[in-house]
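*Asks:* Input: one structure, supplied below.
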Amino acid sequence: MTAKETVKKILDESFVGTMATVDNNKPYSRYMTFMNEGLTLYTATNKKTEKVDELQDNPHTHILLGYEGEGFGDLFVEYAGRVTISSDESLKEKIWNDHMKNWFEGPDDPNLVILKIEPEAIRLMNKKGQPPEDISL
């Protein structure tokens with residue numbers, strides 16, 4: 001399997017990762033749930049969160065996905081991307097799942113926004129002790 005195929009497999013199978021934003025030149029990270037379409041990531045959030053404010057000021061993010069916690073050699077993805085904040089109803093319907101009921105009334109909840117993250121750089125890490133591999137986009 002190529003590095004790019006491995007990255008796609010990790011994105012397809014890993015739903016929880018960390019997402020970093022910047023506020024006042026300081027990084028902030030939080031766990032988020034992700035869905036993907038190819039190499040593009042999506043995550044739902046409330047439009048009234050600090051992360052939305054931070055992304056409006058600086059749309060760049062860094063995401064870690066795939067680490068299983070088994071130790072040295074676990075594959076994971078370092079993903080640098082640019083975020084677009086969307087209230088598009090069709091995208092909200094597409095991304096919606098029942099797990100979101102804990103935070104939103106439904107896909108038509110006015111506070112629900114979707115963060116669409118387009119990759120700027122992707123790196124495959126810890127491939128059985130191999131050096132990191134940059135993925136061509």
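*Asks:* List the longest stretch of the chain that has no exposed loop site; here a site is one of the GluC sites (Glu not before Pro) assigned by DSSP to anything other than H, G, I, E or B, with at most 13 other Cβ within 10 Å.
*Replies:* 1-67
*Asks:* Checking the a/c ratio against 1.5 first, then a/b against b/c, what shape does the Cα gyration tensor give for segment 9-90?
*Replies:* oblate
*Asks:* Considering only DSSP states other than H, G, I, E and B, which chymotrypsin sites (Phe, Trp or Tyr not before Pro) in segment 1-98 qualify as loop sites with at most 10 other Cβ atoms within 10 Å?
*Replies:* Loop-located and lightly packed - Phe72.
*Asks:* Which value in nm describes the separation of the simple spin-label points at Asp23 and Glu37, placed 7 Å from the Cα toward the beta carbon?
*Replies:* Taking the two extended label points, one gets 3.0 nm.
*Asks:* Follow-up question, since we're still on this one. Can you compute the helix-only [θ] at 222 nm over the chain? Use -39500 (n - 2.57) per DSSP H run of at least 4 residues, normalise by all residues, nearest 500 deg cm²/dmol.
*Replies:* Taking each H run of at least 4 residues, the total per residue is -5500 deg cm²/dmol.
*Asks:* Pop a pseudo-label 7 angstrom from the Cα along the beta-carbon direction at both Glu13 and His60 and give the gap in nm to one decimal.
*Replies:* Computed distance between label sites Glu13 and His60 equals 3.2 nm.
*Asks:* How big is the Cα convex hull of segment 35-137 in projection, averaged over all directions, in nm²?
*Replies:* With every direction weighted equally, the projected area is 7.6 nm².
*Asks:* Going through segment 49-137, which trypsin sites (Lys or Arg not before Pro) have at most 13 other Cβ atoms within 10 Å and a DSSP loop state?
*Replies:* For trypsin sites (Lys or Arg not before Pro) across segment 49-137 that sit outside H, G, I, E and B with at most 13 neighbouring Cβ atoms in 10 Å, the list reads Lys128.
Read-outs: derived from the displayed coordinates by stated rules, not from any lab. The model shown is predicted, which means the values in this text are computed figures rather than measured ones. Don't worry about glycine lacking a Cβ; one is built from the backbone with ideal geometry, like all the others, and counts go over all protein chains shown.
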